[in-house]
Structures are given as C-alpha cells and as structure tokens.
Amino acid sequence: MSGQTVVLIGGSSGIGLETARQARAGGADVVLVGRDPDRLQRAAADVGATATAAFDASDPDRLDAFFDGLPAPIDHVLVTAGGAYYAPLAELDFAEARRNVDEHLWMPLHLARAAIGRVRPTGTLLFVGGTGARRPGPGLTLASTMTVALPALIASLALELAPVRVNLIAAGFVDTPLSARLLGDDLERRREQLRAALPIGRVVGPADVAALAVHLMTNTALTGATYDIDGGQQLVRT
C-alpha cells in the first residue's frame, strides 16, 4: 500500500483504528475521521496519521466539505461509523430509527457521490455492516431491513462507480471498545459464550476485520460483494 492514502470514517477506535494501523504498516498514509476531536488526536498519534477531521459523517454538508477539502486524490475509504438499532415495534423511537436509516442508507449514498472524482480509479469504497439481524425476530425489524438493504446498495454502487470498487464487510460480534460499552458487566460472559460456541474457538477481534479490509483494498478483482466475517456465528445459535 506504499504511496496510497486511506480515509477511515469511524477511524478513532475499534475496527477503523486497527485498519489504519495495518494500512500504515503496509506503507499507506491514513486520514482519520470521527466525531470526538480528542479521541481522534489520540488515535492519530497512535498510528501516525497524516490528518484528522472531526465531524458527523451522517451530515451530508459536512461530508461534502470534507471531500471537497482533500488536497489530493485518495485511494480507499473505509466506513465503520454507525451501529444497529434494536427495539420492539411498540417501543420504536422513530427519531432514533431515522438516524439509523441516515447512517446506513443515506450516508453511504452521500459518501459515494461525494467520492466521485476524488477516489482514484484503482481505489475502493468499503462499508461495514453486520450479520446478526439476518434471522428475523422481535426487536429486529429495522436492523433486519438495514442488513438486507446494504448488500443491494453496495452491488448497485459498484456498477455506478466503476472502475472504483465498492464492497461490504458483514461482521458478527467483534470484541471492540463499542461492544464493551454496550455490554458492560456482561462482556466477559458474552466472550466466554462465543469461545465455547464458535467453530473457530475464539472471539473475532478488530485485527481480524482489519485484515479483511486491507485485503479488499489491495485485491483489485473484488467488487460489488458482501464478505462475512463472524467466526461461524451464523452457523450456531449464540
């Protein structure tokens, strides 16, 4: 990846930060984007980032301004920002639901359009989604819809933006700081449950997903597809 520039939206922690670390190890320059300026600066110092930008990527005006302000063409964009929203229909917070749709559908569309002419023809747009809501169930109405919609969106964008490549990583449980915050005291119990149940016998970590992300950036034959990385979680009930 020597001489290439990678933009990581959601790059201040977890999968984004680990991908930045692996891209840097491969010789790339990295630009970290996130909402928290202090956390971004710590992450930038950790990986030796070329630059940072603190803004909410679901704001289309800020997203356009960021891409307009890039000093030179870039090679790859990884988006890890946004999470799933789970709620039974009777308890659905429609404001939160709209924000989740913004993050998972509208933001990728805005980003894809903003990236036109700014990502080199050999480059990649890479998004991170999930596998957990593929099974229908109570409280999964919105999450299931987003899970099904994203692969179709990515396939269409791959045709619209060609020869720039567009791919989706669909992750299961990943042992990130976000997972730790969401699970709190239940984190270690969840880890033990997954170690016992998953075919790989361990929990998937950010480095696993980052390795896949870097592969998708560097393998120029891959576009328009969804790549699952869950340690076999879909094969067992966890």
Legend entry - Complete set of residues in segment 186-204 that are under 11 Å from T238 (Cβ atoms), part of a helix (DSSP H, G or I) and of a type in the set (A, V, I, L, M): L194, A196, A197
Inset, instruction - Scan segment 149-170 residue by residue and report those that are under 15 Å from L105 (Cα atoms), surrounded by fewer than 21 Cβ atoms within 10 Å (Cβ to Cβ), touching a helix residue (DSSP H, G or I) at 6+ places or on another chain (Cβ under 8 Å) and free of Cβ contacts under 8 Å to residues at least 60 places away in the same chain. - result: A149, L153
Legend entry - Every residue from segment 2-33 that is open to solvent by 10 Å² or more (accessible area, probe 1.4 Å), farther than 18 Å from I169 by Cα and either touching a strand residue (DSSP E or B) at 6+ places or on another chain (Cβ under 8 Å) or free of Cβ contacts under 8 Å to residues at least 60 places away in the same chain (or both): S2, G3, Q4, T5, S12, R24, A25, G27, D29, V31
Inset, instruction - From R118, R99, grab the single residue that is out of contact with any strand residue (DSSP E or B) (no Cβ under 6 Å at 6 or more places or on another chain), over 27 Å from T176 (Cα atoms) and of a type in the set (K, R). - result: R118
Inset, instruction - Please give the number of the condition L194 fails out of (1) of a type outside the set (V, I, T); (2) under 15 Å from the mean Cα position of the chain (by Cα); (3) over 30 Å from A90 (Cα atoms); (4) open to solvent by less than 10 Å² (accessible area, probe 1.4 Å). - result: (2)
Legend entry - Lone unmet requirement of (1) in contact with a Pro (Cβ under 8 Å, 6 or more places away or on another chain); (2) open to solvent by 20 Å² or more (accessible area, probe 1.4 Å); (3) farther than 20 Å from G10 by Cα for G139: (2)
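The values are calculated or read from the model by the stated rules, or taken from the named source; none is laboratory data. Please read all numbers here as calculations on a predicted model, not as lab measurements. Don't worry about glycine lacking a Cβ; one is built from the backbone with ideal geometry, like all the others, and counts go over all protein chains shown. Protein only, heavy atoms only, side chains kept; ligands, DNA and RNA dropped before computing areas. Shrake-Rupley method; radii C 1.70, N 1.55, O 1.52, S 1.80 Å.
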